[in-house]
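I have placed the structure first, in the form of structure tokens, so that the comments after it can refer back to it.
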Amino acid sequence: MTNGRDRLRELLDAVLDERNTTLTDMASGVYASPFHFARQVSKGTGEAPVAMRRRVLLERAAWQLSTGAAVTEVAWAAGYDSVEGFSRAYSRAFGHAPSATPRRPATRWLPAVNGIHFHPPMSLWVESEPKGRSDMDPTTLLVHHDLDDTRALLDLAKGLDDTAYRRKRGNGTALAWDGPDDSLATVLDHLIWAKEVWLASIEGADQPPHGPDDTATLARRLDEVAPRWLDAVRAIDRRGGWNDTLIDALCEPPESFVLGSVLAHVLTYSAHRRQLAWQWLRAENPAAADEYGDPIMWLRRRGNA
């Protein structure tokens, strides 16, 4: 029985109940088998329940740390058996150690295709738009797919030796100021560098350092820039700022750009580069033989039709 309550809301309550630390606990709270519970949550949100709980608790941990809570207390509250395990998970998610969390009272959200996030002090925030924006809005899907697809490419590229990773495969140049997109190393680097540079412009920060392009470093760079990039996109979207003008002081001389065109620019060239990388990886790695970076397949793997 649902007692008139929204069934998906009941499932989400079970996922995040402090007492429900396992999938079996979650399912028993709503009188379902673990299999059917996991299937219902995945179908309704596009995210597995255990993964959602882990992500939302890490988001809560970020907020708690930003208010001055001790790392040890936050680790236990997030369900970790050790501070070391919590620190590793937190660093992978946010790109910095728990102790380096900025002291600000804002929630730090991690990438989530369903728009479900922790909202302080003890509730959820489900992103939506007054005009109908949802997690199925094409722009929202493209932003999230771009980041996830880049992670998938990096994971496969890690299996290549350095010769294959840096082999020159063409003379193409997507954007003259970035240089040639002629190897997996340069293409993957440009995918991440574009977000680092544009994010600095949006935030009014200095030119960021251009880090190394080995796969391990690129993965760390992506982990660091992805949540900040999503935060920036969400903030612009919430205030209806896509028609605002950005004066980019990082250009010589400074140039002005409409924010909506900046996101369209990043997504356009990112899609081009990701398709190049998939083409080259299919020739190198058998695990990529049937992969094309298709957002339809990406959604299906997450439980969306």
(Q) Quick check on the chain: what are the equivalent-ellipsoid semi-axes from the Cα gyration tensor, as sqrt(5λ), descending, whole Å? (A) 34, 23, 20
Q.
Taking the square root of 5 times each eigenvalue of the Cα gyration tensor, what semi-axes in Å does the equivalent ellipsoid of region 138-301 have, largest first?
A. 27, 19, 13
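On a full-extension model of 0.36 nm per residue, what is the gain between M297 and E84, subtracting their alpha-carbon distance, rounded to one decimal in nm?
73.1 nm
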Q. From Cα coordinates alone, what are the radius of gyration and Dmax values for region 7-126 in angstrom?
A. 14.2, 41
Q: Report the full-extension gain for the segment E18 to A271: residue separation times 0.36 nm, less the Cα-Cα distance, to one decimal in nm.
A: 87.1 nm
Q | Contour excess over end-to-end distance, with Cα ends at N285 and F35 and 0.36 nm allotted per residue | A | 86.7 nm
Q) GluC sites (Glu not before Pro) within region 13-72: which are DSSP loop residues with at most 14 other Cβ atoms inside 10 Å? A) E18
Q) Out of E291, E196, E224, any idea which swings most in a Gaussian network model of the chain, alpha carbons joined below 10 Å? A) E291
Q: Filter the trypsin sites (Lys or Arg not before Pro) in region 12-102 down to the DSSP loop ones having no more than 12 other Cβ atoms within 10 Å, then list what survives.
A: R19
Q) DSSP H helices in the chain with Cα extent of 15 Å or more along the helix axis and mean Kyte-Doolittle hydropathy at least 0.0? A) 138-157, 184-203
Q. In debye to the nearest 20, how big a dipole does the chain give about its Cα centre with +1 on each Lys and Arg Cβ and -1 on each Asp and Glu Cβ?
A. 780
Q | Simple spin-label estimate for R239 and W76 in nanometres, 7 Å along Cα-Cβ | A | 4.0
Q. What residues qualify as long-range amide H neighbours of L246, i.e. H under 5 Å apart, gap of 5 or more or another chain, H built at 1.01 Å from N?
A. F257, V258, L259
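All of the numbers you see were taken from the coordinates with simple rules; none came from a lab. Here the structure is a predicted model, which is why all the values come from computation and not from measurement. All Cβ positions, even for glycine, are placed from backbone atoms using ideal geometry, and neighbour counts span all protein chains on display.
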